[in-house]
Amino acid sequence: MVNAKIFIGALVASSASAFAPVPVSRSAVAPLNARVDAIGNNIAVQNLLIQVEETKLLSKIAQSGLLSKAQASGVTLTQLEPLIKLAASNKDAMIILEAAAPEALPILPKIVDLTPAALPLLAAAIQIPPVALQGAAVVSLAAAAAGVFVIPDDTTVQVAAQTLLVGVGGVAAAASAVGSVVLSKIKA
(Lines give C-alpha, C1' and ligand atoms only; values in the text may rest on other atoms or scores of the structure.)
Protein backbone atom coordinates (compact mmCIF):
# COMPACT_ATOMS: atom_id res chain seq x y z
CA MET A 1 0.00 0.00 0.00
CA VAL A 2 2.85 2.36 0.84
CA ASN A 3 4.54 1.54 -2.49
CA ALA A 4 1.36 2.43 -4.37
CA LYS A 5 1.19 5.84 -2.60
CA ILE A 6 4.82 6.55 -3.44
CA PHE A 7 4.24 5.49 -7.03
CA ILE A 8 1.16 7.73 -7.37
CA GLY A 9 3.01 10.63 -5.71
CA ALA A 10 5.95 10.22 -8.09
CA LEU A 11 3.57 10.02 -11.05
CA VAL A 12 1.78 13.24 -10.03
CA ALA A 13 5.06 15.05 -9.39
CA SER A 14 6.54 14.01 -12.72
CA SER A 15 3.45 14.98 -14.67
CA ALA A 16 3.29 18.34 -12.89
CA SER A 17 6.90 19.09 -13.78
CA ALA A 18 6.07 18.48 -17.43
CA PHE A 19 4.01 21.67 -17.40
CA ALA A 20 6.62 23.83 -15.65
CA PRO A 21 8.05 26.59 -17.86
CA VAL A 22 11.50 25.98 -19.20
CA PRO A 23 13.81 29.00 -19.43
CA VAL A 24 14.58 29.88 -23.03
CA SER A 25 17.98 31.26 -23.79
CA ARG A 26 18.06 33.59 -26.75
CA SER A 27 21.47 33.86 -28.23
CA ALA A 28 22.75 35.53 -31.37
CA VAL A 29 25.42 32.85 -31.65
CA ALA A 30 25.18 30.30 -34.47
CA PRO A 31 23.54 26.96 -33.58
CA LEU A 32 25.84 24.35 -32.11
CA ASN A 33 25.59 22.12 -35.18
CA ALA A 34 26.65 24.91 -37.55
CA ARG A 35 30.39 25.14 -37.98
CA VAL A 36 31.67 28.66 -38.40
CA ASP A 37 35.10 30.17 -39.01
CA ALA A 38 36.76 32.85 -36.89
CA ILE A 39 34.78 35.62 -38.63
CA GLY A 40 31.44 33.85 -38.15
CA ASN A 41 30.89 32.62 -41.70
CA ASN A 42 29.21 29.26 -42.07
CA ILE A 43 31.87 26.85 -43.31
CA ALA A 44 29.37 24.78 -45.33
CA VAL A 45 28.27 27.88 -47.26
CA GLN A 46 31.89 28.92 -47.69
CA ASN A 47 32.78 25.47 -49.09
CA LEU A 48 29.77 25.65 -51.43
CA LEU A 49 30.89 29.00 -52.83
CA ILE A 50 34.42 27.64 -53.28
CA GLN A 51 32.96 24.66 -55.18
CA VAL A 52 30.92 26.99 -57.40
CA GLU A 53 34.07 28.96 -58.14
CA GLU A 54 36.26 25.88 -58.77
CA THR A 55 33.74 24.27 -61.13
CA LYS A 56 33.28 27.60 -62.95
CA LEU A 57 29.52 27.09 -62.72
CA LEU A 58 28.62 30.66 -63.63
CA SER A 59 30.87 30.52 -66.69
CA LYS A 60 29.20 27.28 -67.75
CA ILE A 61 25.79 28.89 -67.36
CA ALA A 62 26.92 31.80 -69.52
CA GLN A 63 28.43 29.46 -72.15
CA SER A 64 25.29 27.31 -72.29
CA GLY A 65 23.27 30.22 -73.64
CA LEU A 66 20.63 29.77 -70.96
CA LEU A 67 20.35 33.49 -70.27
CA SER A 68 20.16 34.32 -74.00
CA LYS A 69 17.43 31.72 -74.53
CA ALA A 70 15.58 33.03 -71.50
CA GLN A 71 15.78 36.56 -72.86
CA ALA A 72 14.65 35.36 -76.31
CA SER A 73 11.62 33.73 -74.74
CA GLY A 74 10.76 36.92 -72.87
CA VAL A 75 12.36 36.27 -69.47
CA THR A 76 14.79 38.90 -68.19
CA LEU A 77 16.49 39.35 -64.85
CA THR A 78 14.55 42.59 -64.34
CA GLN A 79 11.34 40.60 -64.51
CA LEU A 80 12.61 38.30 -61.75
CA GLU A 81 13.16 41.24 -59.40
CA PRO A 82 9.47 41.54 -58.35
CA LEU A 83 9.42 37.81 -57.51
CA ILE A 84 12.52 38.21 -55.35
CA LYS A 85 11.00 41.27 -53.64
CA LEU A 86 7.77 39.34 -53.05
CA ALA A 87 9.67 36.47 -51.48
CA ALA A 88 11.70 38.89 -49.36
CA SER A 89 8.61 40.73 -48.13
CA ASN A 90 6.77 37.52 -47.25
CA LYS A 91 7.92 36.80 -43.70
CA ASP A 92 6.53 33.25 -43.76
CA ALA A 93 8.58 32.37 -46.82
CA MET A 94 11.72 33.74 -45.20
CA ILE A 95 11.03 31.79 -41.99
CA ILE A 96 10.55 28.59 -43.97
CA LEU A 97 13.72 29.26 -45.95
CA GLU A 98 15.69 29.94 -42.77
CA ALA A 99 14.33 26.81 -41.10
CA ALA A 100 15.11 24.65 -44.14
CA ALA A 101 18.61 26.05 -44.67
CA PRO A 102 20.50 23.61 -42.38
CA GLU A 103 18.85 20.63 -44.04
CA ALA A 104 19.32 22.07 -47.53
CA LEU A 105 23.03 22.83 -47.17
CA PRO A 106 24.19 19.20 -47.62
CA ILE A 107 22.11 18.96 -50.82
CA LEU A 108 23.50 22.10 -52.47
CA PRO A 109 26.93 20.66 -53.43
CA LYS A 110 25.15 17.82 -55.24
CA ILE A 111 23.01 20.38 -57.08
CA VAL A 112 26.16 22.29 -58.08
CA ASP A 113 27.62 19.03 -59.44
CA LEU A 114 24.46 18.21 -61.43
CA THR A 115 23.80 21.71 -62.78
CA PRO A 116 26.20 21.62 -65.77
CA ALA A 117 24.52 18.45 -67.06
CA ALA A 118 21.06 19.99 -66.56
CA LEU A 119 21.81 23.27 -68.38
CA PRO A 120 20.69 22.06 -71.85
CA LEU A 121 17.46 20.78 -70.31
CA LEU A 122 16.86 24.10 -68.55
CA ALA A 123 17.60 26.00 -71.76
CA ALA A 124 14.98 23.93 -73.57
CA ALA A 125 12.47 24.16 -70.71
CA ILE A 126 12.58 27.97 -70.58
CA GLN A 127 11.24 28.07 -74.16
CA ILE A 128 8.13 25.97 -73.39
CA PRO A 129 5.02 28.14 -73.46
CA PRO A 130 3.05 28.28 -70.17
CA VAL A 131 -0.07 26.99 -71.96
CA ALA A 132 1.79 23.80 -72.93
CA LEU A 133 2.77 23.29 -69.29
CA GLN A 134 -0.84 23.76 -68.21
CA GLY A 135 -1.87 21.16 -70.78
CA ALA A 136 0.81 18.79 -69.48
CA ALA A 137 -0.57 19.22 -65.96
CA VAL A 138 -4.08 18.29 -67.10
CA VAL A 139 -2.79 15.31 -69.11
CA SER A 140 -0.74 14.09 -66.13
CA LEU A 141 -3.73 14.26 -63.82
CA ALA A 142 -5.92 12.51 -66.39
CA ALA A 143 -3.33 9.75 -66.87
CA ALA A 144 -3.08 9.22 -63.11
CA ALA A 145 -6.86 9.04 -62.76
CA ALA A 146 -7.18 6.73 -65.75
CA GLY A 147 -4.53 4.45 -64.29
CA VAL A 148 -6.53 4.09 -61.09
CA PHE A 149 -9.72 3.24 -62.99
CA VAL A 150 -8.21 1.08 -65.76
CA ILE A 151 -5.68 -0.97 -63.79
CA PRO A 152 -7.53 -3.49 -61.63
CA ASP A 153 -6.47 -3.71 -58.02
CA ASP A 154 -6.55 -7.48 -57.71
CA THR A 155 -2.89 -8.06 -56.85
CA THR A 156 -0.20 -6.23 -54.93
CA VAL A 157 1.73 -5.54 -58.12
CA GLN A 158 -1.29 -3.86 -59.70
CA VAL A 159 -1.88 -1.72 -56.60
CA ALA A 160 1.82 -0.79 -56.65
CA ALA A 161 1.50 0.16 -60.33
CA GLN A 162 -1.50 2.35 -59.53
CA THR A 163 0.38 4.00 -56.67
CA LEU A 164 3.43 4.62 -58.85
CA LEU A 165 1.32 6.07 -61.66
CA VAL A 166 -0.56 8.38 -59.28
CA GLY A 167 2.68 9.46 -57.60
CA VAL A 168 4.51 10.20 -60.84
CA GLY A 169 1.44 11.77 -62.44
CA GLY A 170 0.76 13.91 -59.38
CA VAL A 171 4.33 15.19 -59.18
CA ALA A 172 4.41 15.87 -62.92
CA ALA A 173 1.08 17.71 -62.72
CA ALA A 174 2.21 19.81 -59.77
CA ALA A 175 5.55 20.62 -61.40
CA SER A 176 3.86 21.56 -64.67
CA ALA A 177 1.26 23.72 -62.94
CA VAL A 178 3.85 25.55 -60.83
CA GLY A 179 6.13 25.96 -63.84
CA SER A 180 3.33 27.41 -65.93
CA VAL A 181 2.39 29.89 -63.22
CA VAL A 182 6.00 30.99 -62.71
CA LEU A 183 6.71 31.30 -66.44
CA SER A 184 3.48 33.19 -67.08
CA LYS A 185 4.23 35.65 -64.24
CA ILE A 186 7.80 36.13 -65.47
CA LYS A 187 6.82 36.59 -69.10
CA ALA A 188 3.91 38.92 -68.30
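The values are calculated or read from the model by the stated rules, or taken from the named source; none is laboratory data. Being a predicted model, the structure only gives us computed values, none of them experimental. Heads up, the Cβs are rebuilt from the backbone with ideal geometry, glycines too, and the neighbour counts pull from every protein chain shown. Keep in mind that these areas ignore ligands, DNA and RNA; they rest on the heavy atoms of the full protein, side chains included. Shrake-Rupley method; radii C 1.70, N 1.55, O 1.52, S 1.80 Å.
Laid out as a table, the results:
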quantity: Of all residues making up region 50-79, the number that are surrounded by 12 or more Cβ atoms within 10 Å (Cβ to Cβ), assigned to a helix (DSSP H, G or I) and hydrophobic (A, V, I, L, M, F, W, C); calculated: 7
quantity: Single residue of region 143-152 satisfying the filter (surrounded by 12 or more Cβ atoms within 10 Å (Cβ to Cβ) and more than 30 Å from Ser73 (Cα to Cα)) that is nearest to the chain's Cα centre (by Cα); calculated: Ala144
quantity: When residues of region 36-49 are limited to those that are surrounded by 14 or more Cβ atoms within 10 Å (Cβ to Cβ) and among the aliphatic types (A, V, I, L, M), the one nearest to Ile128 (Cα to Cα); calculated: Leu48
quantity: Only one of Val139, Val112, Val131, Val171 that is among the aliphatic types (A, V, I, L, M) and either more than 29 Å from Thr76 (Cα to Cα) or not in a helix (DSSP H, G or I) (or both); calculated: Val139
quantity: Considering residues of region 108-126 that are farther than 24 Å from Ala87 by Cα and not small (Gly, Ala, Ser) only, the residue surrounded by the most Cβ atoms within 10 Å (Cβ to Cβ); calculated: Leu119
quantity: Cβ pairs under 8 Å, 6+ apart, first in region 37-59 and within 15 Å of Asp113 (Cβ to Cβ), second of a type in the set (A, V, I, L, M) and open to solvent by 70 Å² or more (accessible area, probe 1.4 Å); calculated: Val52/Leu58
quantity: Count of residues meeting criterion [under 24 Å from Leu57 (Cβ atoms) and among the small types (Gly, Ala, Ser)] in region 111-143; calculated: 5
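Let's see how each residue does on (1) closer than 30 Å to Ile50 by Cβ; (2) more than 20 Å from the chain's Cα centre (by Cα); (3) surrounded by 13 or more Cβ atoms within 10 Å (Cβ to Cβ):
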{"site": "Leu86", "(1), (2), (3)": "no, no, no"}
{"site": "Ser89", "(1), (2), (3)": "no, no, no"}
{"site": "Pro106", "(1), (2), (3)": "yes, no, no"}
{"site": "Leu141", "(1), (2), (3)": "no, yes, yes"}
{"site": "Val168", "(1), (2), (3)": "no, no, yes"}
{"site": "Val178", "(1), (2), (3)": "no, no, no"}
